[in-house]
1. Between Rg and the Kirkwood Rh of the stretch 303-459, both from Cα atoms, what is the Rg to Rh ratio?
2. How much net charge surrounds Tyr183 when only the other residues with a Cβ under 11 Å from the Cβ of Tyr183 are counted, with Lys and Arg +1 and Asp and Glu -1?
3. Per DSSP H run of n ≥ 4, the term is -39500 (n - 2.57); total these for the chain, divide by its residue number, and report the mean residue ellipticity at 222 nm rounded to 500 deg cm²/dmol.
4. Taking the Cα centre as origin and putting +1 on Lys and Arg beta-carbons and -1 on Asp and Glu beta-carbons, what dipole magnitude results for the stretch 3-231, to the nearest 20 debye?
5. Specify which residue in the list Leu369, Ile204, Ser251 is farthest towards the positive end of the charge dipole of the chain, using unit charges on the beta carbon of Lys, Arg (+1) and Asp, Glu (-1), about the Cα centre.
6. For the charge dipole of the stretch 3-231, defined by +1 on Lys and Arg C-beta atoms and -1 on Asp and Glu C-beta atoms about the Cα centroid, which residue among Met102, Val21, Met141 has the Cα displaced farthest towards the positive pole?
7. As a test, work out the antiparallel percent of DSSP beta bridges whose residues both lie in the stretch 3-231, rounded to the nearest 5.
8. Give the distance, in whole Å, between the Cα centre of the stretch 260-283 and the Cα centre of the stretch 51-122.
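Only the coordinates and a few stated rules stand behind these numbers; no lab work does. Source: prediction; values computed, not measured. Here Cβ is always computed from backbone atoms with ideal geometry, including for glycine, and neighbour counts include all displayed protein chains.
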Amino acid sequence: MNSHEFEEKIAEYAKEHGLLVNGDRVAVALSGGADSVALLRVLLSLGVECMALHCNFGLREDESDRDEAFVRNLCIDMGVALEVKSFDVAKYEAENHVSTEMACRELRYEWFEERVKSLRCHALAVAHHHDDDVETFFLNMLRGSGIQGLAGIKPRNDYIIRPLLCVTRREVEDYLRELGQPYVVDSTNLTNDFKRNKIRNVLIPMLNELFPDANAGLTRTLNNLKGNNDLYQELVERVSYSVENIGLDVSVIDMKELSKLGNGMSTALYELLKTYGFNSEQVYNIYKSYCGGAVGQHYFSFSHEIVVGRDCIEIFPKSEPYVLDKEKINLMELLNGSNSNTPLTVSIETKESGVACIPGIDGIQTIALDVEILKQYPELTLREWRVGDRIKPYGMKGSKLVSDLFADAKYTESQKRNARLLCAGDDVLWVVGLRASRLFKVESSKNEYLKISFVSYKS
């Protein structure tokens, strides 16, 4: 392949994937190595307006300064505007508790993004080529990645484009050799201290030696995986509709709906939960808990809490934005109409003497209490449920744990957390929306009673 064919191949690839737009400026991440130098030369040959961005991390002593000097001279020769940024990597590592490799990556792309926006560039071109794609495939395979990781590097990722993914490292070097274009070599790429270098310098040469057509097969595999991943992402988008936001940043995943995917259920669950900070091992345990009927099991990420339910999985933010404190309910104020900030309405009603069942009193949305409560407890409290709370249910002897009422009613975790108890002192009069107590029940001989109805929770 001569230099013209090399450039045409990249032009066709860029056109196929919509990487370059006529008339737009492109920023080039220029390290001075063969790949980035070839990228700059190709883009210029295709008539793309380029400017270069170079990072000097100062990690390779004289080599780092050599690279910067080379890049400056190259850009002068090519007539390309250049910006250079030096970084204090050690300081960033210490402040953010990350590895040197991660520090360099985060610093580099943070600066790239800022400059691309500021300079109003169409995109940032980086010099990943086909061999990098193959190395990424093997790295992700060894890490136990799914289809998204095995699909390798994308031609475009937001503002980042990779026009060289269609050519190999050897083709890059042949292109530069034909042009008589020098470049610098990063000595760390020649060692086998890192996993990627071992794959590049040991594994891939061995594969090519054992299987002469290995590269062609890997190319087909990667192309197939990229296509498969596109279909996979479409399915993930459809599955995302299984997540319902029920308010206060609480979400619910319908596991019955997800189970229709059969063996793909756990994979779909991972795709849904990774956005909440849960890793693959946690998701596997969540999946096993659900399948094993471990209702009420809790799992935590850095930002969210998951509770396993009977037919769903509920997702809560770690710091809930709204918590109802104990609320005082002054019955006399409500009767006089002087307090409208409570979710309850109170009135004194009458019934026929001797009538035991009062129409409209269901113990769920509305309860009836003996008016004597106004003398003993003119002020009630509306509060959240607490572990250990008990109620003396209407129509039953003895008492029952409120948590057992929840279990009988198959309450979800979010329903439990939103449940409110109306209390007289330490006694529970009403689990709002579920069950009333027999305390202060209205005897059939009485004519008057206190009617309390639930309207809505305070917003």
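1. Working: Rg = 16.7 Å, Rh = 16.8 Å.
Here Rg/Rh amounts to 1.00.
2. The answer is -2.
3. One gets -11500 deg cm²/dmol as the mean residue ellipticity at 222 nm.
4. Magnitude of the dipole: close to 500 debye.
5. With unit charges placed on the Cβ atoms, the residue in question is Leu369.
6. Result: Met141.
7. Around 10 percent of the beta bridges assigned by DSSP in the stretch 3-231 are antiparallel ones.
8. The distance from the Cα centre of the stretch 260-283 to that of the stretch 51-122 comes to 37 Å.
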